[in-house]
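Chemist: Please read through the structure below; I'll follow up with questions.
The values are calculated or read from the model by the stated rules, or taken from the named source; none is laboratory data. None of the values given here were measured: they were computed from a predicted structure. Note: ideal-geometry Cβ built from the backbone for every residue, glycine included; neighbour counts use all protein chains shown. Areas reflect the complete protein model, heavy atoms only, side chains present, ligands, DNA and RNA absent. Shrake-Rupley method; radii C 1.70, N 1.55, O 1.52, S 1.80 Å.
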Amino acid sequence: MSHGAKNPPPKRFGLHDLAALRDDLKADAERREADRLAAEAAARRAEEEANVFRSSIGSVSSLRDRNRVQHAAKAPAPIPVQTQLNDKAVLDASLSDEFDVENLLDIDETMSFRRPGIGEDVIKKLRRGEWVPQDKVDLHGLRSEEAREALANFLRRSVRNGVRCVRVIHGKGIGSPDKLPVLKGKVRSWLVQKEEVIAFVQARESQGGAGALMVLLRQPRP
């Protein structure tokens, strides 16, 4: 049997050691309690701050995709096609190419026209140029439909502006295929159908001669 170093005797714990252990356990428990209390205090402060924020902004609701407003692309302004068609129908009805004007014209070398109640002196004054034309419209070179619309618009504008005497140029037909004044008869027919026209005569040579008319318009009603 060998003789080696003897094992040290087990350490004995005294009252002093037990007191130290008790103090350590107590301090650890106090730290844990302090940490818990600090966490609870932080949570309360966060809740209070959240309540203050919510009260300051009022009631809110979360946005949802289905509540988003989808703005449709702005559609172009509608074209008043029906109105335009109605206006054209009225124009066509009021200025007919089938209107027989021959029996309403004075049979002379200029085929003048005056409405009932308009004295012959009015025609004489028109021929002498006592009424100076305040405006004119040149229909020469236009197709029949274009000329009819241009004439109607011109007369309507002239009456609205208080114009009394105008010159209507229809041409002599020199440039037409058959050398005939196509618009000459049509313009006379259209003028007779317009109530605002009270008289017209062929223009003097200096004003267009056989290619134009001097037209007297009714004064607008007050």
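Chemist: Kindly provide the set of residues from the range 127-139 that are under 21 Å from R157 (Cα atoms) and not in a loop (DSSP other than H, G, I, E, B), ordered by number. Walk me through it before giving the result.
Modeler: Within the range 127-139, the subset under 21 Å from R157 (Cα atoms) is 131-139.
The answer is D135, K136, V137, D138.
Chemist: I want to confirm something. Restricting to the range 141-159 and keeping residues that are in a loop (DSSP other than H, G, I, E, B) and within 32 Å of the chain's Cα centre (by Cα), which single residue is nearest to G129 (Cα to Cα)?
Modeler: Taking the range 141-159 first, the residues in a loop (DSSP other than H, G, I, E, B) are 141-143.
Now drop any that are not within 32 Å of the chain's Cα centre (by Cα), which leaves 142-143.
On the way: L142: 27, R143: 29 Å.
Ranking the qualifying residues of the range 141-159, first place goes to L142.
Chemist: So, in the range 194-222, how many residues would count as being open to solvent by 40 Å² or more (accessible area, probe 1.4 Å), in contact (Cβ under 8 Å) with a residue 24 or more places away in the chain and either part of a helix (DSSP H, G or I) or hydrophobic (A, V, I, L, M, F, W, C) (or both)?
Modeler: 1
Chemist: Now, a different point. Is it the case, given these coordinates, that L151 is at pLDDT 90 or above, over 16 Å from E196 (Cα atoms) and open to solvent by less than 80 Å² (accessible area, probe 1.4 Å)?
Modeler: No.
Chemist: Another question, if that's okay. Can you tell me which of G162, G173 is part of a loop (DSSP other than H, G, I, E, B), at pLDDT 60 or above, open to solvent by less than 30 Å² (accessible area, probe 1.4 Å) and not hydroxyl-bearing (S, T, Y)? Walk me through how you get there before you give the answer.
Modeler: On the way: G162 fails: open to solvent by less than 30 Å² (accessible area, probe 1.4 Å).
Step by step, each of G162, G173 is checked, and only G173 is part of a loop (DSSP other than H, G, I, E, B), at pLDDT 60 or above, open to solvent by less than 30 Å² (accessible area, probe 1.4 Å) and not hydroxyl-bearing (S, T, Y).
Chemist: May I ask you to list pairs of residues, at least six apart or on different chains, whose Cβ atoms are under 7 Å apart, with the first in the range 119-137 being within 13 Å of R204 (Cβ to Cβ) and the second being open to solvent by 30 Å² or more (accessible area, probe 1.4 Å) and part of a loop (DSSP other than H, G, I, E, B)?
Modeler: Pairs that qualify, where the first residue is within 13 Å of R204 (Cβ to Cβ) and the partner is open to solvent by 30 Å² or more (accessible area, probe 1.4 Å) and part of a loop (DSSP other than H, G, I, E, B), are K125/W131; G129/R204; W131/R164.
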